[in-house]
Amino acid sequence: MMIIKHTKSLLLALILVFSIEGLWANYAFYRTITNTCKSYRVKTQDGEMYFGKEETTKDKFYLTVNSNRNNFEMALIVGFVSVGQAVKHQRYLVQTGLIEKSTEPKTVHVTVNVPVTRDDMVISASATAEQVVELADGKIDSAEFVRLIKNSMVTL
């Protein structure tokens, strides 16, 4: 009977350890995005960033940021840069062995809420993870990045 209790406790501890690693990886991803946006004074909240929930959208990451009336382009770029920083951080954590698997999207969708009238204007754009990492690394500048994503931009 004592062995069964220890086995159950050991099994529970192992499940807890493995689930915490995944939670910590997601926490690090979201916290990096929040901190990067905060350093540029772009407002976002934890509920406004998430990975797709369906099987076909699990590799997509969605981020919504808020801008002032005149700086929506900067808010859009900062949104993409912050996800690029988070992807780089995930890759670093895997490289150093702190986590086994990276929480990394293949596609990033950033939406910017712009208060121009009673109803907010909404601007949305998409990029690949490699494009946002190159932007975050400085391998491409913001003008080149906007040229890369211009076909995906939508104003609502």
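For segment 37-156, the relative contact order works out to 24 percent when only alpha carbon pairs closer than 8 Å and six or more residues apart are counted.
Could you work out the relative contact order of segment 29-86, using alpha carbon pairs under 8 angstrom and six or more residues apart, expressed as a whole percent?
Once divided by the residue count of segment 29-86, the mean separation gives 42 percent.
Close amide H contacts of I99 (hydrogens built in the peptide plane, cut-off under 5 Å, sequence separation of 5 or more or a different chain): V94. The 3J(HN,Hα) values that the Karplus relation (6.51, -1.76, 1.60; θ = phi - 60°) gives for segment 98-113 are, in residue order, 6, 9, 7, 10, 7, 8, 9, x, 8, 10, 10, 10, 10, 10, 10, 8 Hz. Gly and Pro appear as x.
Taking a Cβ cut-off of under 12 Å around E104, the surrounding Lys, Arg, Asp and Glu residues balance to a net charge of +4, with basic ones at +1 and acidic ones at -1.
Taken together, the values in this text are just the output of simple stated rules run on the coordinates, not laboratory data. Computed from a predicted model, the values in this text were never measured in an experiment. With ideal geometry, Cβ positions are generated from the backbone for all residues, glycine too; neighbour counts draw on all protein chains shown.
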